[in-house]
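The values are calculated or read from the model by the stated rules, or taken from the named source; none is laboratory data. These figures come from a predicted structure and were not determined experimentally. Quick reminder, even Gly has a Cβ in these numbers, built from the backbone with ideal geometry, and neighbours come from all protein chains shown. What goes into the accessible areas is simple: the full protein's heavy atoms, side chains included, and nothing from ligands, DNA or RNA. Shrake-Rupley method; radii C 1.70, N 1.55, O 1.52, S 1.80 Å.
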Amino acid sequence: MENDIVVEVKDLKKTYGDTIAVDGISFNIKKGEIFGLLGPNGAGKTTTLECIEGLRKPDGGSFSLMGLSPDHGHINMQNMIGVQLQVSGLPGTMRADEAMNFFCAYHGVAPRNDILERLGLVEKINTQYQFLSTGQQRRLALALALAHEPPVLILDEPTAGLDVGSRVELHNIMEELKGAGTTILLATHDMAEAEKMSNRVAILLNGRIVATGTPKEITATGAGLTRITVQVKGSSLSNMTGKFPKVIKSTNRDGYVVYFSSDAGTTVSAIIKYISEKNDELIDLRVERPSLEERFLEITSNGAN
Ligand code: ATP
């Protein structure tokens with residue numbers, strides 16, 4: 001529904017001298033969606049985010065947040081967006097609580113140390129930024145972005161450099177925010193993160209969107225094959241490495257047979273039927289669609305979908 005659209009970008013353009021950084025891109029994000037902005041280095045992600053954040057003036061096109069364009073007043077837009085930057089730019093000697101007070105004062109809201117507590121920084125409230133770990137610095141940056149409870153959150157590489165536990169923790173917080181109706185624009189190089197977290201993604205290349213849709217839609221359109229990994233108790237599959245329908249190639253690995261199929265349903269049905277006819281026993285069967293990472297590499301190396 002039109003009314004659900006919180007972020008709308010139309011034909012956005014930005015050049016730096018002779019470099020066309022963003023070449024007419026359009027997308028929209030609905031309320032409570034996580035929208036992944038993906039692309040190789042130099043594709044135009046940061047420029048796009050900076051235009052939306054109001055840090056750069058686009059050369060063409062338009063964007064609006066909840067129907068308001070930047071012309072409605074800078075402060076309004078700033079209060080509607082929370083930005084967790086990759087590098088926060090905070091002075092090393094600034095304490096976590098001081099940073100929070102500073103951001104809250106900027107947005108005209110009462111200090112929100114409860115957000116620091118919620119993001120697990122309660123014991124670090126009096127710690128200087130320079131003495132926080134990478135994970136704690138990222139969480140502080142997110143806490144500052146959330147200080148004024150913005151309806152739109154922009155996250156630029158939020159989990160870069162985080163350990164597995166901190167990454168999962170941050171993903172859980174993102175899910176929580178999304179559940180509460182926050183609309184999230186996520187720029188990331190981490191394809192597994194984009195696939196897991198995003199409702200929809202756009203892949204940028206040379207300033208243009210070359211693919212957009214749900215991660216499932218994007219992986220379904222590629223030439224990539226589905227991987228079917230099978231283990232049986234007996235030896236029924238020992239001479240069946242390439243003989244099932246729609247199998248393009250197959251291989252034996254650590255007691256498993258791995259089939260690469262162009263039509264997983266047809267191949268899996270045939271494998272199961274064959275194993276049963278041979279009175280063998282299925283121990284393990286896994287079906288893995290091509291990942292977003294594989295599809296991303298396919299798209300970005302071909303230059304288009
Ligand atoms: P990365 O993944 O490496 O952060 P990105 O997708 O965010 O890349 P941008 O930083 O938006 O890409 O850069 C897009 C293009 O614009 C690149 O060719 C870059 O060299 C150029 N560019 C970015 N900022 C400037 C600037 N301030 N002056 C001149 N050219 C710039």
Are there any pairs, at least 6 apart or on different chains, whose C-beta atoms fall under 7 Å, with the first in the range 277-305 and assigned by TED's automatic domain parsing to the domain that holds Asn199 and in a helix (DSSP H, G or I) and the second open to solvent by 90 Å² or more (accessible area, probe 1.4 Å) and modelled with pLDDT of 85 or more, and if so, which? none
If a residue must be free of Cβ contacts under 8 Å to residues at least 40 places away in the same chain and within 21 Å of His189 (Cβ to Cβ), how many such residues does the range 18-40 contain? 1
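Based on what the data block shows, is Leu225 away from the ligand (no atom under 15 Å from the Cβ) and either acidic (Asp, Glu) or surrounded by 19 or more Cβ atoms within 10 Å (Cβ to Cβ) (or both)? Let's see the steps before the verdict.
Details: away from the ligand (no atom under 15 Å from the Cβ): yes; either acidic (Asp, Glu) or surrounded by 19 or more Cβ atoms within 10 Å (Cβ to Cβ) (or both): yes.
Spelling it out, Leu225 is indeed away from the ligand (no atom under 15 Å from the Cβ) and either acidic (Asp, Glu) or surrounded by 19 or more Cβ atoms within 10 Å (Cβ to Cβ) (or both).
Taking the conditions exactly as written (farther than 30 Å from Asp18 by Cβ, open to solvent by less than 40 Å² (accessible area, probe 1.4 Å) and not in a loop (DSSP other than H, G, I, E, B)), does Ile203 satisfy them or not? If you could, list the steps in order and put the result at the bottom.
Working: farther than 30 Å from Asp18 by Cβ: no; open to solvent by less than 40 Å² (accessible area, probe 1.4 Å): yes; not in a loop (DSSP other than H, G, I, E, B): yes.
For Ile203, the condition - farther than 30 Å from Asp18 by Cβ, open to solvent by less than 40 Å² (accessible area, probe 1.4 Å) and not in a loop (DSSP other than H, G, I, E, B) - is not met.
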Looking at Ala147, Ala194, Ala180, Ala211, can you tell me which residue is small (Gly, Ala, Ser) and touching a Ser or Thr at 6+ places or on another chain (Cβ under 6 Å)? Ala194
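Just wondering, is there one or more residues in the range 188-200 that are part of a helix (DSSP H, G or I) and without any contact (Cβ under 8 Å) to a residue 24 or more places away in the chain? Walk me through how you get there before you give the answer.
From the range 188-200, those part of a helix (DSSP H, G or I) are 191-197; that's our starting set.
Still in the list and also without any contact (Cβ under 8 Å) to a residue 24 or more places away in the chain: none.
No, the range 188-200 has no match at all.
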Looking at this structure, is Arg112 modelled with pLDDT under 90 and open to solvent by 30 Å² or more (accessible area, probe 1.4 Å)? yes
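From the list Thr267, Thr219, Thr212, pick out the single residue that is at pLDDT below 90 and either within 16 Å of the ligand (Cβ to nearest atom) or surrounded by 15 or more Cβ atoms within 10 Å (Cβ to Cβ) (or both). Steps first, answer last, please.
Working: Thr267 fails: at pLDDT below 90; Thr212 fails: at pLDDT below 90.
Being at pLDDT below 90 and either within 16 Å of the ligand (Cβ to nearest atom) or surrounded by 15 or more Cβ atoms within 10 Å (Cβ to Cβ) (or both) holds for just one of Thr267, Thr219, Thr212, which is Thr219.
Yes or no, residue by residue, for (1) within 15 Å of the ligand (Cβ to nearest atom); (2) closer than 28 Å to Glu175 by Cβ; (3) more than 25 Å from the chain's Cα centre (by Cα):
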residue	(1), (2), (3)
Thr48	yes, yes, no
Phe63	no, yes, no
Pro91	no, no, yes
Arg95	no, no, yes
Ala105	no, no, yes
Val109	no, yes, yes
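Take Gly67 and tell me if it is open to solvent by less than 70 Å² (accessible area, probe 1.4 Å), within 16 Å of the ligand (Cβ to nearest atom) and on the phi > 0 side of the Ramachandran plot.
Details: open to solvent by less than 70 Å² (accessible area, probe 1.4 Å): yes; within 16 Å of the ligand (Cβ to nearest atom): no; on the phi > 0 side of the Ramachandran plot: yes.
Against the criterion (open to solvent by less than 70 Å² (accessible area, probe 1.4 Å), within 16 Å of the ligand (Cβ to nearest atom) and on the phi > 0 side of the Ramachandran plot), Gly67 does not qualify.
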Against the definition (surrounded by fewer than 18 Cβ atoms within 10 Å (Cβ to Cβ), touching a residue at least 12 places away in the same chain (Cβ under 8 Å), under 18 Å from Gly82 (Cα atoms) and not acidic (Asp, Glu)), how does His148 come out, yes or no? no
